[in-house]
Each structure stands twice: as structure tokens, then as C-alpha cells.
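Each value in this text was obtained by applying a stated rule to the coordinates, not by laboratory testing. Since we're looking at a predicted model, the values are computed, not measured. Methodologically, a virtual Cβ is constructed for each residue, glycine included, from the backbone with ideal geometry; neighbour enumeration extends over all protein chains shown.
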Amino acid sequence: MARFTNQAQLKYGNAVTNSNIAVGEILEVLSASKTAVRDTYGQNDSVTYIITLVNSGTVPVTGLTITDNMGAYAFGQETLTPLTYVAGTVTYYINGTKQAAPTAVAGPPLVISGISVPAGGNAVIAYEAEVNRYAPLDLESNITNTAVISGNGITPISVNETVNARVEPILTITKSISPVPVTENGTLTYTFLIQNSGNAAADAASAAVIVDTFDPRLSNLSVSFNGTAWTEPENYTYDETTGLFSTTAGQVTVPAGTFVQDPNTGEWTVTPGISTLVVTGTI
């Protein structure tokens with residue numbers, strides 16, 4: 001509810017006198033809220049936002065525009081935008097009934113126009129945005145984006161929503177063989193490189209497990225992890241009959257990635273945390 005004040009002045013002869021200050025309030029009939037379907041985001045994610053407009057008045061509100069800054073933030077002398085509108089994703093409902101898609105200009109900022117809210121009714125506008133290279137991904141990072149609803153003589157309404165960087169390990173694995181080729185009855189080494197591009201370490205609680213079936217099967221196995229010798233069955237199990245190899249849950253751990261924002265471009269990059277498992281045996 002907006003307040004306004006007013007004061008009158010009376011002039012007569014050479015005298016001037018002021019009235020009391022009268023205070024009034026304008027009852028705003030249009031209200032708005034903004035939510036994200038999920039309150040977290042990660043690398044290459046998309047975030048779905050929903051804006052709800054409610055008209056408690058007795059006449060329709062038409063010709064509204066929504067302007068969303070896509071999470072814009074200051075970076076030196078520049079402004080960076082960590083979200084990118086996904087073209088064609090805006091949907092529009094009046095009292096629960098889907099309408100023709102309104103006009104959306106990606107920007108940034110994203111501008112959605114041609115919105116109406118019936119008397120005593122509501123409108124819901126939903127759209128998606130992709131997390132881009134300017135989005136912070138390290139621990140305790142977040143994106144707050146603000147939308148302003150304006151037009152048709154209403155007092156502009158500002159709504160915002162904050163989503164937080166998801167705290168998680170993101171693991172990938174590559175495998176190499178040495179030597180190539182290997183002689184019959186020779187010694188063969190498998191090297192497993194495990195990388196973590198997430199902002200949280202893969203610790204014992206993550207219960208990461210590497211499973212592989214060696215073919216040809218290996219004998220006289222020697223296993224090390226990050227340079228430390230492993231023993232069976234504490235750290236791994238191996239069946240020479242089937243060639244099935246498996247690490248024990250929680251033994252494979254990988255440090256979190258390191259996130260850095262380029263001081264010139266503002267782009268975020270990650271250097272993955274790395275762990276190495278080496279398995280050597282005779283074929």
C-alpha cells in the first residue's frame with residue numbers, strides 16, 4: 001500500500017501560512033510474486049521461473065510489461081548477466097487457462113509484453129533461463145534476479161527470486177591402458193583418472209565405487225590410489241575367475257574443483273579435482 005502526503009499553503013497580504021500535512025494511502029489492486037521451480041542450480045542447468053499476478057480490483061489491468069534483469073550484477077565497470085532466456089519457453093495463463101504466448105524479447109533484460117489480468121482474477125507467466133558462463137558456481141554462490149511489472153498507470157512492482165549454487169561433486173572417469181601393445185603373459189596397467197568438476201568433494205559419504213571387468217583377466221594384482229598401495233578386501237575386491245574388479249564403497253575420494261572468475265572477461269572456469277587409481281597385473 002503506497003502512502004502519499006499533501007500540504008496546502010495560504011497566502012494573504014504579506015502573510016503565508018501552511019496547512020497540516022494530510023496523509024493518504026493508495027490501495028494497490030495488483031500484487032505479484034516470483035518463484036523458481038527449483039531453488040538450486042548447477043553447471044549447464046536451466047531454471048524455470050514463475051511470476052503470478054493477482055488483481056483484487058473490479059476492473060481488468062491490461063497492457064502490462066515484465067522486465068527481468070536475468071540476475072545482472074556489477075563486475076568492475078561492466079554488467080554481467082548469469083542467465084540467458086531460453087527462446088520460446090514463455091507460457092501465459094489467465095485464471096488457469098493457457099493463452100497465446102506473449103511477446104518476449106530476450107535482451108538482456110528479458111522483456112515480456114502484452115500481459116493482462118482480469119478483474120478479481122490472476123495471471124501466471126512461466127519461462128526458462130539457462131545458466132551461462134557468467135554464473136558463479138563455487139560454494140555459497142547464488143543468483144538473484146529481479147523482475148519489474150509495469151504499465152497502464154500502475155505503480156511498478158518489483159519481485160525477485162534467489163537460487164543457490166547446488167553443492168555437489170560432479171565426477172567423470174577416463175581409463176587408459178599401458179603398454180600398447182602388451183606381450184602375451186606380460187604386465188598390463190590400467191590407469192583410471194577420476195575428475196571432480198563440482199564444488200564439493202567426493203568424500204567417503206559419497207560412496208563412489210569403480211567397477212570394471214578385466215578382459216583379458218589379470219593375475220598378481222597390484223592396486224594403488226593416489227600413490228598409496230591398496231589392499232584387498234579393505235580397499236577393493238577382485239575375482240580372478242571372472243575378472244570382476246570393484247573398489248570398496250567410499251574408498252574413492254576426489255577433492256572439489258577450483259573455481260576462478262577471469263578478471264578481464266568475468267567468465268567462470270573450473271579446474272577439476274583429480275584422483276588416480278592404478279591397477280597392474282599379469283595377463
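Here are some notes:
- Cα pair distances exceeding 16 angstrom across the range 240-283, given as percent: 62
- For the range 173-179, Karplus couplings with θ = phi - 60° (6.51, -1.76, 1.60), whole Hz, Gly/Pro x: 9, 10, 10, 10, 10, 8, x
- The gain in end-to-end length when the residue 132 to residue 46 segment is fully stretched comes to 30.0 nm, 0.36 nm per residue minus the alpha carbon separation.
- R0 of 41 Å, Cβ-Cβ distance residue 14-residue 155: FRET efficiency to nearest 0.05: 0.50
- Projected label distance in nm at residue 189 and residue 224, using a 7 Å step from Cα toward the beta-carbon: 0.8
- Each of residue 148 and residue 74 was given a label point 7 Å from its Cα along the Cα-to-Cβ line. The distance between the two points is 1.7 nm.
- In plain terms, the chain from residue 203 to residue 234 could stretch by 9.5 nm, reckoned as 0.36 nm per residue minus the Cα-Cα distance.
- Span per principal axis, largest first, for the Cα atoms of the range 171-282 (Å): 55, 33, 21
- Estimated inter-spin distance, residue 89 and residue 56, nm [label 7 Å along Cα→Cβ]: 3.2
- FRET efficiency for residue 111 and residue 37, using Cβ-Cβ distance with R0 set to 25 Å, rounded to 0.05: 0.70
- Among 179-191, 85-97, sorting by the average number of other beta carbon atoms lying within 10 angstrom of each residue, highest first, gives 85-97, 179-191.
- Projected-area average for the range 29-165 over all orientations - Cα convex hull basis, square nanometres: 8.4
- Considering only 136, 105, 162, and ranking their Cα positions along the charge dipole of the range 29-165 that arises from unit charges at the beta-carbon of Lys, Arg, Asp and Glu, the one farthest toward the positive end is 105.
- Whole-Å distance, taken between Cα centres, linking the range 138-169 and the range 197-274: 38
- Taking the C-alpha atoms of the chain, convex hull volume expressed per residue in Å³: 231
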